[in-house]
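The values are calculated or read from the model by the stated rules, or taken from the named source; none is laboratory data. Being a predicted model, the structure only gives us computed values, none of them experimental. Cβ sites come from the backbone with ideal geometry, for glycine too, and all protein chains shown count toward neighbours. Heads up: the accessible areas ignore ligands, DNA and RNA and are worked out on the full protein's heavy atoms, side chains in. Shrake-Rupley method; radii C 1.70, N 1.55, O 1.52, S 1.80 Å.
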Amino acid sequence: MEHADEYLCFPANLGEHLSIDETSLSNGELYTIVTNKAGHGRKGTLVAMVKGTDSKEVCRRLFRKLPAGKRRKVKTITLDMAGSMSLIAKKCFPLAKQIIDRFHVQKEFKEALQDLRIQYRWQAMEDENKEIAKCKKEKTAYKAMVFGNGDTRKQLLARSRYLLFKNPDEWSASQKQRAEILFKEYDDIKQFYDLSLRLGNIYSTHCNKTVARKKMALWFNDVENLGYPQFNTVVRTFSNHHDRILNFFDERLTNANAESFNAKIKKMRANFRGVADVKFFLFRVAKLFA
């Protein structure tokens, strides 16, 4: 075992199926983390933890400490759509199939949906300010329009954030009522919400890559036909990573273990009330997970 404030590497923990992700320790300092799925978040999980996300520097560390023969035995590696992570995976694990995590794909689309909601919320705030100014000028009392659930338009858009992340069967009674009003007032939000559910269903259905490719192509077309710039940007991003996104349907592997590992790192950081001594913190990480 080797530990320092720059990197940790454990060649013995290399396996056939890996994950690569990044996490922050303190003051925004990022570390690239490679984990072995077979470790299940316990001892033997941590393969490498390297300060920074620069692909050249991370690769230099991994080349030095992880034997080429073992690196070439890696079969799959799950990751997000960051270019640096892809480059590290390609150079350090050249024979591994790269699989873009399904949850990152769905998250990108849902964030675009939230952007649309926020745009409407800003517009509602602007309209309210204009109405208030008009009432002041006319020396009349301003009274906001209230929907059947007691929300004003501004409140409706603000309080709809969480329901758009959930499936309809997970909504509470008040969220069902709010969603009904929201979708009646903003049909485009409903259409994109339905498309986000369709994307989730494509991933949830146990189909092969050929079938998934056709379903995804139809989904791309339906998104593009609505003609909203932010969603077309998301689709173009997906198109740029199309093959690696579809690799999910061969192996059905996700980056959930890497996200779980990051959560454990963050919990440790919270328990320490921050990371004042990086060397000691990494020493603890190595003892627990390597």
Checklist entry - Among 75, 107, which is the only one that is surrounded by fewer than 21 Cβ atoms within 10 Å (Cβ to Cβ) and either of a type in the set (Ser, Thr, Tyr) or at pLDDT 95 or above (or both)? => result 75
Next on the checklist: So residue 107 ticks every box in (1) in contact (Cβ under 8 Å) with a residue 24 or more places away in the chain; (2) within 16 Å of the chain's Cα centre (by Cα); (3) over 23 Å from residue 6 (Cβ atoms) but one. Which box is left unticked?
Outcome noted: (1)
Checklist entry - Failed condition for residue 81, given (1) surrounded by 19 or more Cβ atoms within 10 Å (Cβ to Cβ); (2) part of a loop (DSSP other than H, G, I, E, B); (3) within 17 Å of the chain's Cα centre (by Cα); (4) not aromatic (Phe, Trp, Tyr), with all others met? => result (1)
Item to check | Count of residues meeting criterion [touching a residue at least 40 places away in the same chain (Cβ under 8 Å) and assigned to a loop (DSSP other than H, G, I, E, B)] in region 253-275 | outcome: 5
Checklist entry - From the set of residues in region 34-63 that are among the charged types (D, E, K, R) and without any contact (Cβ under 8 Å) to a residue 24 or more places away in the chain, which is least open to solvent (accessible area, probe 1.4 Å)? => result 57
Next on the checklist: Anything in region 13-34 that is modelled with pLDDT under 90, aliphatic (A, V, I, L, M) and touching a Lys or Arg at 6+ places or on another chain (Cβ under 7 Å)? List them, or say none.
Outcome noted: 25
